[in-house]
Amino acid sequence: MNTTNSEYDAVIVGSGPNGLSAAVRLSQEGLKVLVLEAKPTLGGGTRTQEITEPGFLHDICAAVLPTTAGSPFLNTLNLKEHGLEFIHPEIPYAHPLPEGDAAVCYRSLEKTAESLGADQKNYTRLFSEFAHHWDYLSEDIFGTLRIPKHPLLMARFGWYGQFSARHLSNSLFKTRKAKALFAGCAAHSIIPLEKAFSASFGLVLGSSAHSVGWPVAKGGSASVTTALANLFKKQGGEIQTNTEVKSLSDIPSSKTILFDLTPHQIVDIAGDHLPKTYRNKLRRYQYGPGAFKMDWALSEPVPWLNEECRKAGTLHLGGTFDEIAEGEKAVWEGKHHHKPYVLLSQPSLFDDTRAPEGKHTLWAYCHVPNGSTKDMTQEIESQIERFAPGFKDTIISKHTMTAQGFERYNPNYVGGDINGGAQFFKQLFGRPVLKWNPYKIPTDGMYICSSSTPPGGGVHGMCGYNAAQSVLKNEFGISSDKS
């Protein structure tokens with residue numbers, strides 16, 4: 001890397017939401033920034049394509065965007081002016097239960113709590129302060145390792161969040177509805193619900209539903225990519241697609257390099273330019289379970305037994321808390337469960353740009369062991385059919401992607417891990433290694449800005465923003481804060 005007479009101030013390798021967020025932040029300060037993308041199109045985890053039938057638009061990875069809507073940095077950018085429009089389903093998420101019952105999360109905290117009967121008081125007590133003070137909470141949970149800006153609120157969040165989802169749920173809730181509703185959110189963590197800090201994921205996602213909602217993007221999640229790219233180019237940024245980086249020699253001369261990549265890929269590219277001790281730590285970085293993904297073109301909406309499920313943008317399928325916990329634990333142990341926890345989105349109910357008139361798209365995935373090649377079509381469709389008899393009769397065509405297929409699609413998804421690394425305790429706070437500034441690579445001018453850094457997975461752009469802030473301060477002496 002040439003730091004004298006460099007062609008660019010910064011080159012960013014990878015164009016996912018974090019890479020583009022870093023690019024936008026750096027270019028806001030007038031720096032000359034280049035983004036390199038190996039694929040023909042930008043986006044990483046926010047791409048939308050026709051993969052079943054013409055006219056059916058499917059989100060390849062991220063589909064529902066609560067962390068985008070709640071991102072402290074992205075909310076400063078007015079991305080609507082650049083092509084991003086949120087659509088809010090009537091119900092953020094629902095959790096079907098046996099016999100046509102369902103637990104439902106409404107935008108209204110009060111309505112949700114009231115629907116939980118005996119757990120109304122404790123549900124309100126758990127979520128009220130976090131939901132009503134989301135702007136303050138999000139500053140700290142999406143921030144860097146530092147003294148919290150809102151210490152009392154974070155102390156309360158930390159107290160509840162430190163527990164396992166099972167412990168917190170059993171301590172607070174009596175009804176199967178409340179327990180299942182919390183399990184569905186906590187299981188986004190892709191760690192067993194008996195592990196410490198798994199409750200924190202349920203707290204963040206549940207709170208966001210009552211504060212900023214769980215929207216989808218009109219036209220697909222690629223709209224996030226388009227908006228960020230449009231803003232970046234308006235600020236003078238440059239983008240090159242079809243440019244694969246295999247070594248540092250593939251990167252134009254620049255003062256700094258930011259990798260929107262995971263640790264193992266950075267080692268492959270930077271190699272001996274990294275200190276041996278740091279390089280070994282990156283090699284030991286652990287990836288979590290993978291995902292098996294399905295997309296369908298449907299002739300009509302999914303015929304859910306429960307009417308409220310027909311109004312929900314997202315559904316968590318798997319039954320009771322114990323059923324979900326059993327399935328997630330099995331995956332962590334390297335097993336495929338016959339009744340997996342399934343995350344499902346039905347965006348075309350709310351966004352008519354996604355499918356031809358009268359037709360619909362459906363998106364779903366389940367967790368599988370890392371590197372899995374198993375086809376989970378039957379297991380996923382059986383879980384849907386369990387709560388929506390007749391679903392299979394609505395299928396026009398389908399598309400599947402194994403965990404290994406995910407990695408082929410995007411090398412950042414190592415073994416199908418869509419979160420950039422396992423999110424257990426050590427790697428929740430020490431991503432990719434435990435240090436005060438995890439974004440700075442101990443080599444002059446190198447940084448990591450992917451979801452393998454805090455705050456981890458999600459379409460929030462905060463890993464990129466935090467890394468860019470570190471670059472601005474350490475390399476260019478700029479310490480202003482846009483969030």
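The values are calculated or read from the model by the stated rules, or taken from the named source; none is laboratory data. Since the structure is predicted, the reported quantities are computational estimates derived from the model, not experimental observations. Don't worry about glycine lacking a Cβ; one is built from the backbone with ideal geometry, like all the others, and counts go over all protein chains shown. Just the protein is used for accessible areas: all its heavy atoms, side chains included, with ligands, DNA and RNA removed. Shrake-Rupley method; radii C 1.70, N 1.55, O 1.52, S 1.80 Å.
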For region 45-54, does any single residue satisfy the condition of being of a type outside the set (S, T, N, Q) and farther than 20 Å from LYS359 by Cβ?
yes
Those residues that are within 15 Å of ILE266 (Cβ to Cβ) and not in a loop (DSSP other than H, G, I, E, B), I need them from region 408-463; list them, please.
VAL414, LYS440, MET446, TYR447, ILE448, CYS463
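Out of curiosity, is VAL414 farther than 17 Å from THR52 by Cβ, open to solvent by 10 Å² or more (accessible area, probe 1.4 Å), of a type in the set (Val, Ile, Thr) and touching a residue at least 40 places away in the same chain (Cβ under 8 Å)? Walk me through how you get there before you give the answer.
Values: farther than 17 Å from THR52 by Cβ: yes; open to solvent by 10 Å² or more (accessible area, probe 1.4 Å): yes; of a type in the set (Val, Ile, Thr): yes; touching a residue at least 40 places away in the same chain (Cβ under 8 Å): yes.
Yes, satisfied.
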Can you pull out the residues in region 130-171 that are assigned to a loop (DSSP other than H, G, I, E, B), closer than 26 Å to ALA102 by Cβ and either open to solvent by less than 20 Å² (accessible area, probe 1.4 Å) or modelled with pLDDT under 95 (or both)?
SER164
Inter-residue pairs, beta-carbon under 6 Å, first farther than 25 Å from ASN437 by Cα and in region 128-150, second open to solvent by 50 Å² or more (accessible area, probe 1.4 Å) and modelled with pLDDT of 90 or more, 6+ apart:
none
For region 445-469: of the residues being of a type in the set (A, V, I, L, M) and either open to solvent by less than 10 Å² (accessible area, probe 1.4 Å) or free of Cβ contacts under 8 Å to residues at least 24 places away in the same chain (or both), which is nearest to GLU139 (Cα to Cα)?
MET462
Return the total of residues in region 383-403 being among the polar types (S, T, N, Q) and either in a loop (DSSP other than H, G, I, E, B) or without any contact (Cβ under 8 Å) to a residue 40 or more places away in the chain (or both).
1
In this structure, is ILE91 under 30 Å from ARG354 (Cβ atoms), surrounded by fewer than 20 Cβ atoms within 10 Å (Cβ to Cβ) and in contact with a strand residue (DSSP E or B) (Cβ under 6 Å, 6 or more places away or on another chain)?
no
For region 283-296, indicate whether the set of residues that are buried (at least 17 other Cβ atoms within 10 Å of the Cβ) and over 20 Å from ALA403 (Cα atoms) is non-empty.
no
Would you please list the contacts, defined by Cβ atoms under 7 Å and residues six or more apart or on different chains, that run from a residue in region 426-437 that is of a type in the set (Lys, Arg) to a residue that is assigned to a loop (DSSP other than H, G, I, E, B) and open to solvent by less than 20 Å² (accessible area, probe 1.4 Å)?
ARG431/GLY421; ARG431/PRO438; ARG431/SER452; ARG431/THR453; ARG431/PRO454; ARG431/GLY456
Among (1) surrounded by 21 or more Cβ atoms within 10 Å (Cβ to Cβ); (2) closer than 27 Å to HIS399 by Cα, which single condition is THR241 missing?
(1)
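Kindly indicate whether ALA183 is under 19 Å from GLU110 (Cβ atoms), part of a helix (DSSP H, G or I) and touching a strand residue (DSSP E or B) at 6+ places or on another chain (Cβ under 9 Å). Can you show your working first?
Details: under 19 Å from GLU110 (Cβ atoms): no; part of a helix (DSSP H, G or I): yes; touching a strand residue (DSSP E or B) at 6+ places or on another chain (Cβ under 9 Å): yes.
Judged against the criteria, ALA183 is not a match.
Looking at GLU50, is it of a type outside the set (Gly, Ala, Ser) and either open to solvent by less than 20 Å² (accessible area, probe 1.4 Å) or in contact with a strand residue (DSSP E or B) (Cβ under 9 Å, 6 or more places away or on another chain) (or both)? Can you show your working first?
Numbers: of a type outside the set (Gly, Ala, Ser): yes; either open to solvent by less than 20 Å² (accessible area, probe 1.4 Å) or in contact with a strand residue (DSSP E or B) (Cβ under 9 Å, 6 or more places away or on another chain) (or both): yes.
It is true that GLU50 is of a type outside the set (Gly, Ala, Ser) and either open to solvent by less than 20 Å² (accessible area, probe 1.4 Å) or in contact with a strand residue (DSSP E or B) (Cβ under 9 Å, 6 or more places away or on another chain) (or both).
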Does LEU31 fit the bill of being open to solvent by 10 Å² or more (accessible area, probe 1.4 Å), touching a Phe, Trp or Tyr at 6+ places or on another chain (Cβ under 9 Å) and not in a strand (DSSP E or B)?
yes
Restricting attention to region 172-187, does a residue exist that is at pLDDT 95 or above, closer than 26 Å to ALA291 by Cβ, in contact with a helix residue (DSSP H, G or I) (Cβ under 8 Å, 6 or more places away or on another chain) and of a type in the set (S, T, N, Q)?
no
Close pairs from region 37-54: first modelled with pLDDT of 95 or more and of a type in the set (Asp, Glu), partner assigned to a loop (DSSP other than H, G, I, E, B) and open to solvent by 30 Å² or more (accessible area, probe 1.4 Å), Cβ under 6 Å, at least 6 apart:
GLU37/THR241
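Within region 417-442, which residues are under 17 Å from LEU472 (Cα atoms) and either open to solvent by less than 10 Å² (accessible area, probe 1.4 Å) or modelled with pLDDT of 95 or more (or both)?
If we filter region 417-442 for residues that are under 17 Å from LEU472 (Cα atoms), which is where we start, we get 436-442.
PRO438, TYR439, LYS440, ILE441, PRO442 - these are the residues of region 417-442 that are under 17 Å from LEU472 (Cα atoms) and either open to solvent by less than 10 Å² (accessible area, probe 1.4 Å) or modelled with pLDDT of 95 or more (or both).
Evaluate the following for LYS374: is it modelled with pLDDT under 95 and surrounded by fewer than 20 Cβ atoms within 10 Å (Cβ to Cβ)?
Here the answer is no, as LYS374 does not meet what is asked.
Give me the residue from region 244-278 that is in a helix (DSSP H, G or I) and among the hydrophobic types (A, V, I, L, M, F, W, C) and, out of that set, surrounded by the fewest Cβ atoms within 10 Å (Cβ to Cβ). Can you show your working first?
Residues of region 244-278 in a helix (DSSP H, G or I): 248-250, 263-273, 276-278.
Checking which are among the hydrophobic types (A, V, I, L, M, F, W, C) leaves us with 248, 266-267, 269-270.
Details: LEU248: 15, ILE266: 24, VAL267: 19, ILE269: 19, ALA270: 21.
The selected residue is LEU248.
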Of (1) hydrophobic (A, V, I, L, M, F, W, C); (2) closer than 25 Å to ALA63 by Cα; (3) in contact with a helix residue (DSSP H, G or I) (Cβ under 6 Å, 6 or more places away or on another chain), LEU282 satisfies all except one. Which?
(2)
Name the pairs whose Cβ atoms lie under 9 Å apart, with the first residue in region 175-202 and at positive phi, the second in a helix (DSSP H, G or I) and not aromatic (Phe, Trp, Tyr), and 6 or more positions between them or separate chains?
ILE190/GLU328; ILE190/VAL331; PHE197/GLY161; PHE197/SER189; PHE197/LEU428
